[in-house]
1. Test A:G197 against the stated conditions and say whether it is modelled with pLDDT under 85 and surrounded by 19 or more Cβ atoms within 10 Å (Cβ to Cβ).
2. Free of Cβ contacts under 8 Å to residues at least 24 places away in the same chain, surrounded by fewer than 23 Cβ atoms within 10 Å (Cβ to Cβ) and of a type in the set (S, T, N, Q): is that true of A:T306 in this structure?
3. Condition test on B:V173, is it in contact with a Leu (Cβ under 7 Å, 6 or more places away or on another chain) and within 16 Å of B:Y349 (Cβ to Cβ)?
4. Could you grab me the full set of residues in the range A:55-78 that are of a type outside the set (S, T, N, Q), touching a residue at least 12 places away in the same chain (Cβ under 8 Å) and more than 9 Å from chain B (Cβ to nearest Cβ)?
5. Would a scan of the range B:152-163 turn up a residue that is within 24 Å of B:A321 (Cα to Cα), modelled with pLDDT under 90, more than 16 Å from the chain's Cα centre (by Cα) and surrounded by fewer than 21 Cβ atoms within 10 Å (Cβ to Cβ)?
6. Restricted to the range A:122-179, and to residues that are over 16 Å from A:V196 (Cβ atoms), in contact (Cβ under 8 Å) with a residue 24 or more places away in the chain and part of a helix (DSSP H, G or I), which residue is nearest to the other protein chains (Cβ to nearest Cβ)?
7. Mind listing whichever residues of the range B:375-420 are over 18 Å from the mean Cα position of the chain (by Cα) and farther than 26 Å from B:Y175 by Cα?
8. Residues that are within 12 Å of another protein chain (Cβ to nearest Cβ): list the helices (runs of 4 or more DSSP H) wholly contained in the range A:214-267 that include at least 2 such residues.
Amino acid sequence: MSDLPLIQADRAVPPPAATTATGGRGRRLRLLSGTDRVVITLMVLVPLLLVLALVWLPAAATVLLSGTDWDGIGPLGEIDWVGLKNYDDVVNNYPPFVPAVQNNLLWLAALFVVATPIGMFLAVLLDKELRGSRFYQTALYLPVVLSLALVGFIWQLIYSRDQGLLNGVFGGDTDWYGDPNVNIWAVLVAAGWRHVGYIMLLYLAGLKGVDPSLREAAAVDGSSETSTFFRVVFPVMRPINIIVLVVTVIESLRAFDLVWVINKGRNGLELISALVTQNVVGEASRIGFGSALATIMLAVSLIFITVYLWTVMREDKR
Amino acid sequence: MSRPRSQAEYLARLVPPSVAGLRRRSLLAGAAGAGALLGTGALAGCGDSDSGSGGDAKSVTLGSNQSDPKPKDVVAKVVDGFKTSSGVTVNVNTVDHNTFQENINNYLQGKPDDVFTWFAGYRMRFFAAKGLAGDLSDVWGKLDGYSDAFKKASTGDDGKQYFVPASYYPWAVFYRKSVWQQRGYQVPTTLDQLTTLGAQMKKDGLTPIAFADKDGWPAMGTFDILNLRINGYQFHVDLMAGKEAWTSDKVKKVFDTWAGLLPLHQPDALGRTWQEAAQSLQQKKSGMYLLGLFVGQQFSGADLEDLDFFTFPEIDSTIGAKALDAPIDGYMMARKPKSKDAATKLLTYLGSKDAANVTVKNDPSTLVANSGADTAGYTALQKKAAELVGSATEIAQFLDRDTRPDFASTVMIPALQQFIKNPKDISGMLTSVENQKKSIFTS
């Protein structure tokens, strides 16, 4: 269920639909030759099958497995059905779950309130065609290109308690990665550092596309820079704003690599995605239980996806 | 009207595919587990097709988790010895130690190597019971030089042997002789003496007990030894098997004692690796460190000769101080090796004193299990460690080798870290462990 094919579908479908409306049924049949129809069917079927096999089938299997106590060993026939026990255990009998939800929410809030606005602000600045703006652009975007494992390593050099840059320069002995009250903030700085560049690039692309005559018109009407941005440019950028919002939500839901690199998502750095991995992938093999956690994550993602699609589709109708 | 409208459409098309792809990836992450499972089933199916064939095979595969340079070299040398004596070629597949351990379920259900490295303990018996390991009773018929304790540690629940021990290492309290001589410290034999010694070290500006638990497992060693000293070996076994309650007064006493000792431990343990803690001992900043014999890997030359240890002191005189953790590493055979004959030959060689002799010559941080081996090449530390284990009345494997791995990794690691963070709420932590244990052990 990716949004890209859907966006394309939204944009691509109306023209033929319009012909159908005006030309009637018979005309449409004449428009499409036999080869066309085969091609179209294939073009729809192949991606559909891929999406079903690679996305929805595993997702459905996860939901099914979350009702079992399978340990990953033995044939599928030996799996015992345990109903909602795994969900009950996740919520009532698994201490890392609540901190994980809190951390995911904190991650969302931090990216949304701090990192995303900073990224947007930097994009607006870079849009002013400053001298060396390409250099800034590259410098700010660089963290996005680096793998998160590498980002984790870079920040390890900064945060290390005994040999790190931060404690070395300021002479403190804060245990940045080990102290459960501090480490989530330390990691959020690293994650935000990366997120800012991402949002910056997205937003910059949007700003470049805004019609200059809109700004000129606003300037002629005596609007200040600030009010031009908030009253003219920002509303025009609505689709990009939604994308930025969605990207922020997705980034906070799929946050995983950084905490896994640091301490496998334990001790203050619990995230739902890390808990899923701990339970399913490692030697533990609590596959039923891990699937329950994954299903919860899936459900939360679906809420955001639904809201997003609903907004996009409503906009199209207008 | 038309301009903003087209603008919006134009902008929507600007969205790079990578952004759109994210959505799909987040879903995939959720479904990754299921995907892996389907793969497992398919692999398990493949494994069934090839069964043990003729007995004249000239090659055998060995899956090894010994990925560190030194142990890897030792495995290569042992395997060379087998090649010379038998003429059978061995292909060694070395996999990163942690990766090997985490993938063991998929590995064994897929197409495992004929012979693979593993540990004695619950997990070995579990694989044997699930039919994922080959019966080695006939190999044991040809082996000599093993004590009953080793044979028992190699036996599955059905009374057959499934494991060939190769090496082991005890857990003990390590210290630097030079530091102790200089300050006039004496080896403590009771808990009171240990606390007094710790207080003295603090006065002398040392961290009494080095401590690290970033990776989650080192603290299990501390729990194990306290439990063995306070409640004895049998209780350890029953507790690990899920038969005893974690909320019992016996377990509470272990954590109470530990909480009393925590002020003597190095602070901020949750952000430190065992290597860093071992270095603080090596740099004479800490007075002692409870760890396995592998702590010696962080020492070299004169420093290594300066390293000494004592077994954790007695806490209850009726229990004594004779039990300890001494995990055994060794080899197992796949359920359907390509050539059972060659695999059996290799395992017999791996358990022989010839193989043990090669290990003694090349690795000073471990002890060989075969008592027939020529241990003249042992360092003083190895000799002492062998004596310590030899005099032990009972030998435990280690918390994560003696119990279900799902319980050890998803319940005990967070619980012990929680305790280290907040040693005050012992009963809350134990109630939670007990509830999770009930849920896991009944499944």
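The values are calculated or read from the model by the stated rules, or taken from the named source; none is laboratory data. Since we're looking at a predicted model, the values are computed, not measured. Using ideal geometry, Cβ is built from the backbone for each residue, glycine included, and neighbour counts are taken over all protein chains shown.
1. Details: modelled with pLDDT under 85: no; surrounded by 19 or more Cβ atoms within 10 Å (Cβ to Cβ): yes.
No, not satisfied.
2. Numbers: free of Cβ contacts under 8 Å to residues at least 24 places away in the same chain: yes; surrounded by fewer than 23 Cβ atoms within 10 Å (Cβ to Cβ): yes; of a type in the set (S, T, N, Q): yes.
It is true that A:T306 is free of Cβ contacts under 8 Å to residues at least 24 places away in the same chain, surrounded by fewer than 23 Cβ atoms within 10 Å (Cβ to Cβ) and of a type in the set (S, T, N, Q).
3. For B:V173, the condition - in contact with a Leu (Cβ under 7 Å, 6 or more places away or on another chain) and within 16 Å of B:Y349 (Cβ to Cβ) - is not met.
4. Within the range A:55-78, just A:G67 meets the criteria.
5. To start, the set of residues in the range B:152-163 that are within 24 Å of B:A321 (Cα to Cα) comprises B:152-153.
Checking the rest, the ones that are also modelled with pLDDT under 90 come to B:152-153.
Okay, now just the ones that are also more than 16 Å from the chain's Cα centre (by Cα), so B:152.
Cutting the leftovers down to surrounded by fewer than 21 Cβ atoms within 10 Å (Cβ to Cβ) gives us B:152.
Yes.
6. That would be A:Y159.
7. Selection gives B:A415, B:Q418.
8. Details: elements: A:225-228, A:238-253, A:257-263.
Answer list for the range A:214-267: A:238-253, A:257-263.
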